[in-house]
Amino acid sequence: MKVAATAIPGLLLLEPAIHEDERGFFFESFNQKRFEDATGLNIRFVQDNHSRSVKRVLRGLHYQIRRPQGKLLRVTAGEVFDVAVDLRRSSPTFGKFVGLVLSAANKKQLWIPEGFAHGYLVLSDAAEVLYKTTDYYAPEHERCLIWNDPDVGIDWPKDGEPILSAKDRLGLTLSKAEVFA
């Protein structure tokens, strides 16, 4: 597994070793020991989530203000533009984001530590996203940062208006959102 740093320390792009031949491919999508050796992180995952969305669906930017979740995610079908926004007020990268393409074709994974808002925009006709979390879903602590906050300035690769849930349309701007210490 290769690990690449991003513009925000702690946010990591993981590239598994892919074994391909005329039959197809094989790779370990997760191995606790290899993950720890490659990242230096001793993380315990407690929940796996699987999401399917159609083109132009924008999910996010979600986070849990209490019981925050670290996430390890990958795309198993299609392609998304994935975004993580640093919501740790004490961080030198507070309010900054990293956005990158994750796809079934590139098989890259993103580690998002606790303290970030996360979301993605589906670029293909449909996409399936799988992710592991370090804490359980706690809807009473869930918050949403609005996807188009001009102070964050995410340059979403839009092809028309995104499709949002009612909850995501009510997201708050960074200046009004609850954030981490």
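Laid out as a table, the results:
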read-out: The lone exception for Val75 - which of (1) touching a Leu at 6+ places or on another chain (Cβ under 8 Å); (2) more than 25 Å from Thr173 (Cα to Cα); (3) among the β-branched types (Val, Ile, Thr); (4) in contact (Cβ under 8 Å) with a residue 60 or more places away in the chain it fails; value: (4)
read-out: Unique residue being surrounded by 20 or more Cβ atoms within 10 Å (Cβ to Cβ), within 12 Å of the chain's Cα centre (by Cα), at pLDDT 95 or above and within 22 Å of Lys2 (Cα to Cα) when the list is Leu100, Leu72; value: Leu72
read-out: Subset tally (residues that are closer than 22 Å to Ser124 by Cα, assigned to a strand (DSSP E or B) and in contact with a Ser or Thr (Cβ under 9 Å, 6 or more places away or on another chain)) for segment 74-101; value: 9
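Okay, residues lined up against (1) in contact (Cβ under 8 Å) with a residue 24 or more places away in the chain; (2) farther than 15 Å from Ile65 by Cβ; (3) not in a loop (DSSP other than H, G, I, E, B):
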{"residue": "Glu114", "(1), (2), (3)": "yes, no, no"}
{"residue": "Tyr137", "(1), (2), (3)": "yes, no, no"}
{"residue": "Trp156", "(1), (2), (3)": "yes, yes, no"}
{"residue": "Asp159", "(1), (2), (3)": "yes, yes, no"}
{"residue": "Asp168", "(1), (2), (3)": "yes, yes, yes"}
{"residue": "Lys176", "(1), (2), (3)": "no, no, no"}
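The values are calculated or read from the model by the stated rules, or taken from the named source; none is laboratory data. These numbers were taken from a predicted model, which means no experiment stands behind them. Cβ sites come from the backbone with ideal geometry, for glycine too, and all protein chains shown count toward neighbours.
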